[in-house]
1. What list of ³J(HN,Hα) couplings, whole Hz, do you get for region A:49-54 from phi and the Karplus terms 6.51, -1.76, 1.60, once you set θ to phi - 60° and write x for glycine and proline?
2. For B:Asn7, what residues show an amide H to amide H distance below 5 Å, using hydrogens built from the backbone and excluding near sequence neighbours?
3. Determine one quarter of the surface area of the Cα convex hull of region B:5-73, which equals its mean projected area, and express it in nm² to one decimal.
4. For the pair B:Leu11/B:Ser82, report the inter-label distance in nm, with labels modelled 7 Å from Cα in the Cβ direction.
5. Going from the alpha-carbon gyration tensor of region B:44-107, what semi-axes, largest first and in whole Å, does one get by taking the root of 5 times each eigenvalue?
6. Would you please give the FRET efficiency between B:Asp27 and A:Arg9, computed as 1/(1 + (r/R0)^6) with r the Cβ-Cβ distance and R0 = 22 Å, to the nearest 0.05?
7. Can you pull the one-decimal nm distance between simple spin-label points at A:Arg81 and B:Ser40, each 7 Å off the Cα toward Cβ?
8. Compute the whole-percent fraction of alpha carbon pairs in region A:38-113 spaced more than 20 Å apart.
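Every number here is computed from the coordinates shown, using simple stated rules; none is lab data. The model shown is predicted, which means the values in this text are computed figures rather than measured ones. Cβ: placed from backbone, ideal geometry, glycine included. Neighbour counts: every protein chain shown.
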Amino acid sequence: GAGVSQSPRYKVAKRGQDVALRCDPISGHVSLFWYQQALGQGPEFLTYFQNEAQLDKSGLPSDRFFAERPEGSVSTLKIQRTQQEDSAVYLCASSTSHGNEQYFGPGTRLTVT
Amino acid sequence: QKEVEQNSGPLSVPEGAIASLNCTYSDRGSQSFFWYRQYSGKSPELIMSIYSNGDKEDGRFTAQLNKASQYVSLLIRDSQPSDSATYLCAVNNQFYFGTGTSLTVIP
């Protein structure tokens, strides 16, 4: 079946703009994760959903970052008033449950100018 | 101390050799361990998971877990140029990733 999809694949935003990044997980996967990956670094955990419940948001770097998954499927990561330090690849992953293998989407490369 | 530590490399091995990648972790309660491969400009791709002490083999790949010493390793036998990538170790309590080890297999 289809894998994890993310859109847009690339986003250029001017500093101060709001952006919304979308993730469509693998059908039936109840767990969904968001990560931020800077160049040359491993993915850094941002937040985790079990169905529609956001069970962990400890990795969100500031209150400008907000994630939701209202129907337990598609998720959106929103970044308000973007800053240059927000430039990174944002990865979404899904799994059948927490602790199991995660499958990653292609990522969204965000560039803040 | 980071939750998961990896030698960033780069690690270079000749084609056909064994590549050995190592990872240590800090949380003794960790239960799930994963190795991902990430090609430049691509997203991580799962190659191995391991949950219990000992070795787990899958084709040319062998994952080794030692919970007492808190390390997990990945061996790649008969390394191929197509194995050249960054290898990420992940530990699943809060799903921490290492920074990755860059591997280059020289033809």
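1. Whole-Hz 3J(HN,Hα) from phi for region A:49-54: 10, 10, 6, 8, 8, 8.
2. B:Asn22
3. Averaged projected area of region B:5-73's Cα convex hull equals 5.4 nm².
4. Distance between the two pseudo-spin positions: 2.0 nm.
5. After diagonalising the Cα gyration tensor, the semi-axes are 21, 15, 10 Å.
6. Working from the Cβ atoms, E equals 0.05.
7. 3.8 nm
8. Cα-Cα pairs in region A:38-113 separated by more than 20 Å: 31 percent.
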